[in-house]
Amino acid sequence: MELIISEKNSISRIIKKVDEYFSKIEKQQLRDQIVEDIYGCAERIASKNVRIEGGRQTDWGEKVDDILTSKWLGFPIMLLLLGGVFWLTIIGANYPSAMLGEALFWVEDRLTEFFTWTQAPEWLYGILVMGVYRTMAWVVSVMLPPMAIFFPLFTLMEDLGYLPRVAFNLDNFFKRAGTHGKQSLTMSMGFGCNAAGVIAARIIDSPREKLIAILTNNFVPCNGRFPTLIILATIFMGNMVNSAYSSFVAAAVVVGIVLVGIIITLLVSWGLSKTFLKGVPSSFTLELPPYRKPQIGKILVRSFLDRTLFVLERAVMVAAPAGVFVWIFANTGIGGVSLINYVANILDPFAVLIGLDGIVLLAFILGFPANEIVIPIIVMSYLSAGAMLEPDSAEALREILVTNGWTWVTALSTMLFSLLHFPCGTTLLTIRKETESLKWPVFSFLLTTTIAIVVNFLVVQLIYLF
Amino acid sequence: MYLTNLPLGSKGRVVKLTAKGKKRRRLLDLGLIPGTVVEAIRRSPSGDPTAYIIRGTVLALRSEETNFIEVEELTQRRDILWA
Amino acid sequence: MGLTARSSGLNLLRENFNIDYSKKNPIIALAGNPNTGKSTVFNGLTGLRQHTGNWPGKTVTQAQGNFRYQGQEFTLIDLPGTYSLLANSTEERIARDFICFARPDATIVVADATNLERNLNLVLQVTELTDNVILCLNLMDEAERKNIKIDVAGLKNDLQIPVVPTVARDGKGLKELKNTVYDIVNKNIVVHPYRVKYSPEIENAVEELVQELRTMLTGIEKYINLHWLSLRLLEGDKTIMRSIKDLFLKDDSFETKTEGVVQTDGVNYI
């Protein structure tokens, strides 16, 4: 016990003594000298034992970087790569999505037969098949194919080492927004999952900049929202042109939405740097590592196991109870009006102002646990109101939506709202964990929702004006 | 001249650091000690940062850092061995 | 009870780093610069037997895993990738504190063979802290492609530590690495690394300070290399004293009683 105290006192005495011996400048010089001596030693040992034979090889990676980060081509290539990934996802996902849908709805028919045969009560059939099964089938058929294509492509870019180049290209914008250069790396993680993006903000040392990265990560659409964006872009924007170009147009629209997300991220970061989280960007070093040959096998395994299955599992877990909930809501009512329509009617006047309708807004609210189920909820709610279509294809989905009054403006508004609205439950929980406070998740919720409402309102009013 | 002004493609030798405190420590730890030769290789299309080869690693530094690193430009001379 | 009396101190200290020490596995630390393929080495050694958590009190991800060699099980701790251990960032402080205080039974430093000089800078800082260091010279295939020839024997001789060339992506050299870990842990080889020789003005100052420390801090010598501690004090690194305070002087049995001392000793541990 005494020993501890005397040790403590000794430590402080020693620190004082050192402070007396050496002035601040002397200490700085000593430190400089220490680092120099270590590097000098490393230099000596390295030069003694390393030989470069036959001259330095010209590095193809440097030539690639000359193009990827060039003044004129850097940004267009970034957009093209992003668009390319979306395009491959859109055209690649179309066919398997339809097949999966067909298969899953074939199973639904068999389930129906089974329930009819056992003469199960109507409500049980409704909850289990029309509620749970149908919602889950929807989530799987709509989400699995795009994710199974998008994630490996994205992991490939990551593995190649392209992400640091993106950070390099965009850094000046982030600097001007008063944030850390590594924020773009956390945003890249957000494309997979915003909760992962929030955790990724750990790489930022300064608490202020870390908070900004955490609070704005939601403006990057995660893969729970990508299917929504991709499907709506395909069936509304893609369909506006000749079918030969439709997938390109759809990809371009999704890129546009992502760009809006990035611009909003920068604006909000700038705003936060000037208000709640005042400060100047801290110093920043980014390594541009050499490109490495990607390990295709590992990419496929990792992107499928760690990302695709993980996200799908989460979606299905949320979809099942949500399916029960929505089915009950849709099938119980007050005076002939289902609860869903009842609530939707209340929300409708407000929803219309921001380009949605009551059902869509309600779907976003019900989709709080996981954004993946927003479209399935919309469809279920519409279907419960009458038309018993089996939404097993993009065309069928389009019909359902159009029948319920959707136009390209509704699609655009839904996409924007999906991009900007409140983070999902998991992300908010993660924000709470990472910031160790309740204040920031609440702030994040209010901030994003306010921005979503304002942006949607302005866009819709502008469109109607012209 | 400061590292910020070192033209792309040329090499410079670090003369001294004018940064203080934590920034100085960080720059030193990256190997930017007097006598170190660095080469400016590319600039971000957004204007900043700039990537340098520093002791075999390509590192991008913002002008907030390079403004505190004094260098002397080395006259361009082709190394005969590597020509 | 004081620092000197804490015979079980090491295990307690390891628990401070969220290390599960119930199995009494030897603890192996994995250090290295960023982008040296450190995580490939980690995955290559541990396979699927790994889990991630947090470093205590910090939102920095910690990965640990197990591997088996010659019937013995080892616990491998992946330290954050850093260029240096001079504690300029949370990551550097975590890596330094772990090597310094959790005292791993062996420390593997993964280095990029194509860029030895920068990587040796970290190696030399690690060997200042601990004797049992293994240099894992990774990305040997890249080095070969770039016509970089490394004299492994010469390097071994200069650094006085085992050097194992690897191509971790292809699993090459990992068995040799495990073997070296095994040998060090079981004292089949004893390592006395080469230490950086500092300029006379620094060595003189250090000399003086070591004397002071020796008389004033009788207990701490067992845990920390005084030469190294003097260097940190000389360069004005206050984080090391904060770490000492956090780790050594935080034991439930006397935490409350010593609190008053912390407040009155007038040192600002920032």
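Data overview
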| read-out | value |
| --- | --- |
| Helical mean residue ellipticity (222 nm; -39500 (n - 2.57) per DSSP H run of 4+; nearest 500) of the protein assembly as shown | -18000 deg cm²/dmol |
| A:GLU287 long-range amide H proximity, modeled H, under 5 Å | B:ALA60 |
| Long-range HN-HN contacts of B:ILE69 with modeled amide H, under 5 Å | B:LEU3, B:THR4, B:THR18 |
| Karplus 3J(HN,Hα) series, Hz, for the stretch A:365-382 with 6.51 cos²θ - 1.76 cosθ + 1.60 (x for Gly, Pro) | 5, 5, x, 3, x, 7, 5, 4, 8, 4, 5, x, 5, 4, 5, 4, 5, 4 |
| Distance in nm between pseudo-label sites at C:GLN160 and A:THR275 (7 Å out along the Cβ direction from Cα) | 6.1 |
| Estimated dipole of the stretch C:14-83 in Debye, rounded to 20 [Cβ of Lys and Arg +1, of Asp and Glu -1, Cα centre] | 60 |
| Between the stretch A:67-106 and the stretch A:156-196, the Cα center-to-center distance that results, in Å | 19 |
| FRET efficiency for A:GLU20 and C:ARG214, using Cβ-Cβ distance with R0 set to 30 Å, rounded to 0.05 | 0.95 |
| Beta bridge orientation in the protein assembly as shown: antiparallel %, DSSP, nearest 5 | 70 |
| Pairwise FRET efficiency - A:GLN119 versus A:LEU81, Cβ, R0 = 60 Å, nearest 0.05 | 0.60 |
| Entries of A:LYS48/C:LYS197; A:LYS274/B:LYS23; B:LYS23/C:LYS156; A:LYS433/C:LYS24; A:LYS71/A:LYS298; A:LYS278/B:LYS22 with Cα pairs more than 26 Å apart | B:LYS23/C:LYS156; A:LYS433/C:LYS24; A:LYS71/A:LYS298 |
| Dipole magnitude of chain B, debye to nearest 20 (Cβ charges: Lys/Arg +1, Asp/Glu -1, about Cα centre) | 260 |
| Environment charge of A:THR308, counting only residues whose C-beta is closer than 14 Å and scoring Lys/Arg +1, Asp/Glu -1 | 0 |
| The stretch C:3-185, relative contact order in percent, only Cα pairs under 8 angstrom and at least six apart counted | 22 |
| Phi to ³J(HN,Hα) by Karplus 6.51 cos²θ - 1.76 cosθ + 1.60 over the stretch C:125-134, Hz, x for Gly, Pro | 6, 5, 5, 6, 9, 8, 7, 7, 10, 10 |
| Rounded Å value of the spacing that divides the Cα centres of the stretch C:157-236 and the stretch A:416-454 | 47 |
| Extreme residue, positive dipole direction of the stretch C:3-185, given options C:GLN64, C:PRO80, C:PRO104 (C-beta unit charges) | C:GLN64 |
| The protein assembly as shown, dipole about Cα centre (Lys/Arg Cβ +1, Asp/Glu Cβ -1), debye to the nearest 20 | 1340 |
| Top positive-direction residue, dipole computed over chain B with Cβ charges, set B:GLY47, B:LEU3, B:LEU28 | B:LEU28 |
| Among A:SER206, A:TYR95, C:MET216 - extreme Cα towards positive end, dipole of the protein assembly as shown, charges at beta-carbon | C:MET216 |
| For C:GLY81, distant residues with modelled amide H under 5 Å away | none |
| Label point distance in nm, A:LEU438-A:PHE350, each placed 7 Å from Cα along Cα→Cβ | 2.3 |
| Rounded if a/c under 1.5, otherwise prolate or oblate - the protein assembly as shown, Cα gyration tensor axes | prolate |
| Residue-by-residue Karplus 3J(HN,Hα) for the stretch A:278-291, coefficients 6.51, -1.76, 1.60, Hz, glycine and proline x | 4, x, 9, x, 7, 5, 8, 10, 10, 8, 9, x, x, 5 |
| Where labels lie 7 Å past Cα in the beta-carbon direction, separation of A:LEU429 and A:GLU399 in nm | 3.9 |
| Rounded FRET efficiency, nearest 0.05, which uses the C-beta distance separating A:ILE334 from C:SER199 and R0 of 56 Å | 0.05 |
| Label zone at A:LEU160 (point 7 Å along Cα-to-Cβ), backbone N below 17 Å, the stretch A:85-104 | A:85-89 |
| Computed over chain B: relative contact order in percent, which uses C-alpha pairs under 8 Å that are six or more apart | 40 |
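Every read-out reported here was derived from the displayed coordinates using simple, explicitly stated rules and does not represent laboratory data. As the structure is a prediction and not an experimental result, all values here were calculated from the model. Backbone-built Cβ (ideal geometry, glycine too); neighbour counts: all protein chains shown.
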